[in-house]
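A quick write-up on the structure given underneath.
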Amino acid sequence: MILLSSSLLIIEDQPEICDLIELSLLDKVEKIHVAHSLSAACCLQSQYRFDIAIVDSCLPDGDPYPLVKELLAQHCKVLLMSGNFELNKRLAQLPLPRIEKPFRLPVLIQSVKQAFQMPVTKTLKSA
């Protein structure tokens, strides 16, 4: 049963975590796209419109902050994910919902639902 009639982008460099998130949300989100790198996420973002994105705050091929700003400008809701939010100070300062790794599946599902219900942040602090 799909709970969120929406399109989700998962940006996470660890394939196992992507698979876990995708499998956990398959029956809750209409369309799911996965990017294992910032460059792959940018490519997907240029091709599709997303309603919500789960973004790892630390990616090996770059800082996701500019992409997060672009997603928000396109009215995409963003759920930040990290094992250590202090590693990316600019993202840590944004008024966005977040989930800490490792997470429990019920917490992930609830966090996605809450992020989807939140208004999109239109203005971001410059970093």
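The values are calculated or read from the model by the stated rules, or taken from the named source; none is laboratory data. Keep in mind that what you see is a predicted model, and the values were worked out from it rather than measured. Methodologically, a virtual Cβ is constructed for each residue, glycine included, from the backbone with ideal geometry; neighbour enumeration extends over all protein chains shown.
Show me the strands (runs of 3 or more DSSP E) entirely contained within segment 11-106 in which 2 or more residues are touching a residue at least 12 places away in the same chain (Cβ under 8 Å), of a type in the set (V, I, T) and within 26 Å of Q117 (Cβ to Cβ). First the steps, then the outcome.
Numbers: elements: 29-35, 52-56, 77-82, 98-100.
The qualifying strands (runs of 3 or more DSSP E) are 29-35, 52-56.
So which of S37, S57 is within 13 Å of the chain's Cα centre (by Cα), modelled with pLDDT of 95 or more and of a type in the set (G, A, S)? Step through it out loud before you land on a result.
Numbers: S57 fails: modelled with pLDDT of 95 or more.
Within the list S37, S57, the selection yields S37.
Of all residues in segment 107-121, count the ones that are at pLDDT below 90 and assigned to a helix (DSSP H, G or I). Lay out the reasoning, then the answer.
At the first step, the residues of segment 107-121 found to be at pLDDT below 90 are 113-121.
If we keep only those that are assigned to a helix (DSSP H, G or I) as well, we get 113-117.
Residues in segment 107-121 being at pLDDT below 90 and assigned to a helix (DSSP H, G or I): 5 in total.
Mind counting the residues in segment 86-100 that are of a type in the set (D, E, K, R), surrounded by 15 or more Cβ atoms within 10 Å (Cβ to Cβ) and either closer than 19 Å to I52 by Cα or modelled with pLDDT of 90 or more (or both)? Can you show your working first?
Step one: of segment 86-100, the residues of a type in the set (D, E, K, R) are 86, 89-90, 98, 100.
Then drop every residue that is not surrounded by 15 or more Cβ atoms within 10 Å (Cβ to Cβ), which leaves 90, 98.
Then drop every residue that is not either closer than 19 Å to I52 by Cα or modelled with pLDDT of 90 or more (or both), which leaves 98.
Adding up the residues that qualify gives 1.
Tell me the residue from S37, S57 that is surrounded by fewer than 19 Cβ atoms within 10 Å (Cβ to Cβ) and under 11 Å from I11 (Cβ atoms), please.
Numbers: S57 fails: surrounded by fewer than 19 Cβ atoms within 10 Å (Cβ to Cβ).
Among S37, S57, only S37 is surrounded by fewer than 19 Cβ atoms within 10 Å (Cβ to Cβ) and under 11 Å from I11 (Cβ atoms).
Given the criteria in contact with a helix residue (DSSP H, G or I) (Cβ under 7 Å, 6 or more places away or on another chain), of a type in the set (S, T, Y) and either under 23 Å from I109 (Cα atoms) or modelled with pLDDT of 95 or more (or both), does S24 qualify?
Working: in contact with a helix residue (DSSP H, G or I) (Cβ under 7 Å, 6 or more places away or on another chain): yes; of a type in the set (S, T, Y): yes; either under 23 Å from I109 (Cα atoms) or modelled with pLDDT of 95 or more (or both): yes.
Criteria met by S24.
Out of the residues in segment 1-10 meeting the condition of being more than 12 Å from the chain's Cα centre (by Cα) and either modelled with pLDDT of 95 or more or part of a loop (DSSP other than H, G, I, E, B) (or both), tell me which one is surrounded by the most Cβ atoms within 10 Å (Cβ to Cβ).
Taking segment 1-10 first, the residues more than 12 Å from the chain's Cα centre (by Cα) are 1-6.
Keeping just the survivors that are either modelled with pLDDT of 95 or more or part of a loop (DSSP other than H, G, I, E, B) (or both) gives 1-3.
Details: M1: 4, I2: 12, L3: 14.
Applying the filter and picking the extreme gives L3.
Being at pLDDT 95 or above and either closer than 18 Å to N88 by Cβ or of a type outside the set (S, T, N, Q) (or both) is the requirement here; does V29 meet it?
On the way: at pLDDT 95 or above: no; either closer than 18 Å to N88 by Cβ or of a type outside the set (S, T, N, Q) (or both): yes.
No, not satisfied.
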